Protein chains: 4
Amino acid sequence: MNNHTFKGIIAYPITPFNAQEQVDLPLFKKLVERLVTSGSHGIAPLGSTGVMPYLNDEEKEAITEATIQQVAGRLPVVTGVSNLTTERTIYHAKFAEKAGSTAVMIIPMSYWKLTDHEIFSHYEAVAKSISIPIMAYNNPATGGIDMSPSLLKKLLEIPNVTMIKESSGDLQRMHTLRRDLGEDVAFFNGSNPLALGAFAAGALGWCTAAANLIPELNVGLYEAIQKNDLHAAQDIFYKQLNLLKYILAKGLPRAIKSGLEILGEDGGELRGPLKPLNSQEVTELATLLNAISA
Amino acid sequence: MNNHTFKGIIAYPITPFNAQEQVDLPLFKKLVERLVTSGSHGIAPLGSTGVMPYLNDEEKEAITEATIQQVAGRLPVVTGVSNLTTERTIYHAKFAEKAGSTAVMIIPMSYWKLTDHEIFSHYEAVAKSISIPIMAYNNPATGGIDMSPSLLKKLLEIPNVTMIKESSGDLQRMHTLRRDLGEDVAFFNGSNPLALGAFAAGALGWCTAAANLIPELNVGLYEAIQKNDLHAAQDIFYKQLNLLKYILAKGLPRAIKSGLEILGEDGGELRGPLKPLNSQEVTELATLLNAISA
Amino acid sequence: MNNHTFKGIIAYPITPFNAQEQVDLPLFKKLVERLVTSGSHGIAPLGSTGVMPYLNDEEKEAITEATIQQVAGRLPVVTGVSNLTTERTIYHAKFAEKAGSTAVMIIPMSYWKLTDHEIFSHYEAVAKSISIPIMAYNNPATGGIDMSPSLLKKLLEIPNVTMIKESSGDLQRMHTLRRDLGEDVAFFNGSNPLALGAFAAGALGWCTAAANLIPELNVGLYEAIQKNDLHAAQDIFYKQLNLLKYILAKGLPRAIKSGLEILGEDGGELRGPLKPLNSQEVTELATLLNAISA
Amino acid sequence: MNNHTFKGIIAYPITPFNAQEQVDLPLFKKLVERLVTSGSHGIAPLGSTGVMPYLNDEEKEAITEATIQQVAGRLPVVTGVSNLTTERTIYHAKFAEKAGSTAVMIIPMSYWKLTDHEIFSHYEAVAKSISIPIMAYNNPATGGIDMSPSLLKKLLEIPNVTMIKESSGDLQRMHTLRRDLGEDVAFFNGSNPLALGAFAAGALGWCTAAANLIPELNVGLYEAIQKNDLHAAQDIFYKQLNLLKYILAKGLPRAIKSGLEILGEDGGELRGPLKPLNSQEVTELATLLNAISA
């Protein structure tokens, strides 16, 4: 009965840079390949983890094409195309569709707080310009706007707005979505420390950058939920909780880069003003990662 | 392995008044009897629902004795004894013990914000004066103080502080308690809309006034969790969610009184400044109750 | 044109205790005398600073009578009579009137959040039972309820609710009161760090415990404002700002007790759970007081 | 003794668009001319009001050059050059300097929350690349980052970071700046409803879009403060308060565009997703403007 294209673990690659702060595409493809082969159920380039707002148009397009090429149809791809203006959002949404994305993800980025009417018109204009599905993304912490459950519900009336990603970290929002929209609503959780509570509330999937570091634990939680085994889900959630909280607290691009290096992988460089974790933070992260693999 | 005296549904009776705003003890006993016979696993007089802070000393003592007498050993009883001063808290804790309470519940009531040191000393002084267990209760919305997980953890080092009731409505607090204190920590959820998430996080029980109105749904949720059946727990939780949110939003003493009357029971009167739900609110509550029993 | 009984510096005495945590009435009278002779324009016993909620009925009555007796008509007296229940608030308001208070101050204390209708009825019932003026007091930090400017405006329609004390620390509230109620509205500021901004916004007076420690600076600020000399007001405000922030951060009863001792006065003891400042805090407070008198 | 280049009313022009959502440079110049001739003391293009984040690089450069050309040395110009990445911020700062700006304004725009170290390095890198002064701008509501007074103080140690614009709306921040940095600190208020309180606290100027609509009232407030006439300042502040609150609540670009039209001026179009005020809002704004000119 659950017939959704996206479900389970939707993995977010970082966007690595070289020493001159230019996008390192070969490394990016390698990092995408790791996500594909480690069990994730979907790939989401150009998310917050992928520092999309720090990239210019050509860089975004190169990342989009590199992802599609590397995934090569093995998993569905949902590409981030958010932009402050409606005109630029449409531009990137069309590019993502043409490049072969399965869907696009859109957060209403704000400088000036937008009214509900402005947000709805924004989504509607983008939706009309493409024919692939849209995942509406709510994340007040990064986007600056907090869409209410009733606005999200209204957005789902737009034909190709079919999925919601909730990252407000408020479990009651998910309850309201599930209650108002029924069992079949496709809502995804984007708040790492809420992974267990969100699945218990009926989330279809978990959008997470943690899959760069601990894919087996992320996938394991989803599988326990699929088996209706709450005790197993609890056990595997508490194993990863400390790490989930830590990478969120330190900022996902910074924490994933360092975590990859701790695991012996190349994480590339960051683009300024973002800076790497300091040495104490690296030690703390290594301790958490070691505790998990022990 | 789970050997706790308190677990499952801890039910909170209201304190009914007569037309002269005096405590109606015969009606109170009748309401306690309903809770005992409808499947609850513990009784908690003089909680927020029981408008404890609005009662004078003799009234509190009468309620305590009436509860013990009516429950008559069929269920464990945890009596609220919180007070602004340490001296008065000790007085009421001693009374509750002598009257036969299984345990006492204490929230650090505040007018002036207390330091962690002041809170710890407060609990320590009360704990030394009695030999029954203490449930430390965190509820920033009513008590005015928000105890951190680390303070709660420290309180559990006092020998007879053995249980925690968390009503902040923040699932992450429960995660932290469970992570820091292990599988055997006895933490209870006091936030009605968080009932499913809290059980999923490992809560031992749910402290709720909803058992005055929908005991079979409250108990049913607990039983589904006991059977490790997440899907069943989800179903029964979403059936009661609207009601749980409504009675919390309207204030538990006011909402439970009206709910009892809708169910054909006598709910007594309130003590000023509290006033009954207005007629529109009564209609809304009746609609929610009817939807559940339909 | 300004014909108000209360204006300027309304001083808040602490309630000192002896070693057995009993109210020390002789010391209380001595502390009241200091406030009267140091230039304050009104005296406010049984405020937050006077730990009113920690006192029993007889203690409140003794403090009320001691204040009236000691002030002996030299200054107006506004007595705190707030209580959780309407019945007890009326009781204490009547007592204060009979004892000779010029006015009473009432904050809608809450355990359960009150509706605007409940708050209005509470004030109305008390107002009808006495014939002296009422100062409605808004302080979400201690009282747990945040009365909106529109509710405060409505309260002023009750004939003997004639004054407002705003301690929310939000300057915009004062702007709204002044704008909606005109130049003659009698609003008082109860947030110490907002003293300059509130006077600039048109406050009639400043309710402060700081007058126990630095009365000449408090009075000096008011006098500069009276002379329409903003530059002088700025100078004298910045001289006392650090102290104002410090005593608020540490809790007024605790900070005033220690401050009195630093100044060579007896501050008495506190009642548990409140504890004295620790030695580092005493040193910090002494440094601030010395910097002012230097 | 006050030797600052910027002080008084710093006016923010909107950026008008044509029907195709392209920047309308001739209209922009006309709007700048109105600001110059109506008494403002400085001009600030590419601020929040000028929807800077919604413009591409060429548009920002055109606006910068048009401003310098139109102002023609009559007033100092502080140009907004903020950007998410350090590299782009440097690029625009250099352009602004070369074009003839008196100073640049920089808010640390965030997607990922930046650490204090990242923010400091960001400002330091930009400051080294130019020789004109920088106004560091704190506005958590639009920029997403809330810089503490201690961080702002540290930024002022960078040689050409010489001014601070505080838009957090928290008067205590200004108190702290003034207290820690002395009478000569150049801090500016960017929160319209705080204009009186900020001047009373010692602000050197007021950065405001209101000068597009009510320049004589904005300038009048500053002049009353300059004359040390608090009563006059109060009067003129309360005359404009309702309007100041309204344009802030509705979003400055939207409200200023409509206000200009109400005054008979051309306000141009907005760029999507921003939409004009609806007809009810236009009526409300017209009522407020009429009340002022009456």
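The values are calculated or read from the model by the stated rules, or taken from the named source; none is laboratory data. As the structure is a computational prediction, the values presented were derived from the model and not from experiment. Here the Cβ positions follow ideal geometry from the backbone for every residue, glycine too, while neighbour counts run over all protein chains shown. With ligands, DNA and RNA removed, areas are computed over all heavy atoms of the protein, side chains included. Shrake-Rupley method; radii C 1.70, N 1.55, O 1.52, S 1.80 Å.
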Open item on the list: Below 12 angstrom from the Cβ of residue D:65, what's the summed charge of the other residues (Lys, Arg +1; Asp, Glu -1)?
Closed with: 0
Open item on the list: Explain nothing, just the number: dipole magnitude of chain A about its Cα centre with +1 on each Lys and Arg Cβ and -1 on each Asp and Glu Cβ, in debye rounded to the nearest 20.
Closed with: 240 debye
- [ ] Hydropathy first: keep DSSP H helices in chain B averaging at least 0.0 on Kyte-Doolittle, then drop any whose Cα extent along the axis falls short of 27 Å, and list what survives.
- [x] B:230-250
Open item on the list: Using amide H atoms built in the peptide plane, which far-off residues or other-chain residues are under 5 Å from residue C:213 H to H?
Closed with: none
TODO: Can you tell me the relative contact order of the range B:137-224? Whole percent, Cα pairs under 8 Å, sequence separation 6 or more.
DONE: 23 percent
Task: Amide H within-cut-off set for residue A:8, under 5 Å, with H built and near neighbours excluded - done: A:205, A:206
Task: Accessible surface of residue A:271 - all protein chains present, 1.4 Å probe, nearest 10 Å² - done: 30 Å²
- [ ] Would you be so kind as to identify which of A:151, A:48, A:172 lies farthest towards the positive end of the dipole of the range A:8-229, taking Lys and Arg as +1 and Asp and Glu as -1 on Cβ and the Cα centre as origin?
- [x] A:172
TODO: Would you mind checking the radius of gyration and Dmax of the protein assembly as shown based on alpha-carbon positions, in Å?
DONE: 31.5, 91
TODO: Compute the label-point distances linking residue A:227 to its equivalents in the other copies; points lie 7 Å from Cα along Cα→Cβ; give nm, one decimal, shortest first.
DONE: 2.0, 8.2, 8.2
TODO: Evaluate the relative contact order of chain D (contact order divided by residue number), counting alpha-carbon pairs under 8 angstrom at least 6 apart; express in whole percent.
DONE: 18 percent
Open item on the list: Straight-line reach from residue B:153: which lysines fall under 16 Å, measuring Cα to Cα and dropping same-chain residues less than 8 apart?
Closed with: B:165
- [ ] For D:43, C:236, write out the residues from largest to smallest accessible area, computed with a 1.4 angstrom probe and no ligands counted.
- [x] C:236, D:43
- [ ] Would you kindly find the accessible area of residue D:150, with a 1.4 Å probe and non-protein molecules such as ligands, DNA and RNA excluded, rounding to the nearest 10 Å²?
- [x] 80 Å²
- [ ] Could you tell me the accessible area of residue D:32 in Å² (1.4 Å probe, neighbours in place), rounded to the nearest ten?
- [x] 0 Å²
Open item on the list: For residue D:20, place a label point 7 Å from Cα along the Cα-to-Cβ direction in every copy; what are the distances to the other copies, in nm, shortest first?
Closed with: 3.6, 8.6, 9.2
Open item on the list: Above 20 Å lies some portion of the pair distances; for the range B:213-277, what is it as a whole percent of all C-alpha pairs?
Closed with: 39 percent
Task: Furthest towards positive pole of dipole, D:182, D:224, D:160, structure part the range D:108-239, Cβ charges - done: D:160
Task: At most 15 other Cβ within 10 Å, DSSP loop - GluC sites (Glu not before Pro), the range B:183-253 - done: B:183
Task: Cα→Cβ-extended label distance, 7 Å offset, between residue A:30 and residue D:229, nm - done: 7.3 nm
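Counting Lys +1, Arg +1, Asp -1, Glu -1, what net charge surrounds residue A:263 among other residues with beta carbon under 14 Å of its beta carbon? Walk me through the intermediate numbers first.
On the way: positive: A:30, A:34, A:257; negative: A:216, A:261, A:265, A:266.
So the environment of residue A:263 carries a net charge of -1.
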TODO: In nm to one decimal, list the spacings between the residue B:291 label point and its equivalents in the other copies, with label points set 7 Å along Cα to Cβ, shortest first.
DONE: 4.0, 4.2, 5.8
- [ ] Can you check what the Kirkwood hydrodynamic radius comes to for chain B, Cα pairs only, in Å to one decimal?
- [x] 19.1 Å
Open item on the list: Quick query: amide H of residue B:265 versus all other amide H atoms, modeled in the peptide plane; which residues come in under 5 Å with a sequence gap of 5 or more or a different chain?
Closed with: none
TODO: Just report the Cα centroid separation between the range B:174-234 and the range C:1-62, whole Å.
DONE: 48 Å
Open item on the list: I'd like the Karplus ³J(HN,Hα) series for the range D:187-199: coefficients 6.51, -1.76, 1.60, θ = phi - 60°, whole numbers in Hz, and an x wherever there's a Gly or Pro.
Closed with: 10, 10, 9, x, 9, 4, x, 9, 4, 5, x, 5, 5
Task: Separation between Cα centres of the range A:81-144 and the range B:100-120, rounded to whole Å - done: 49 Å
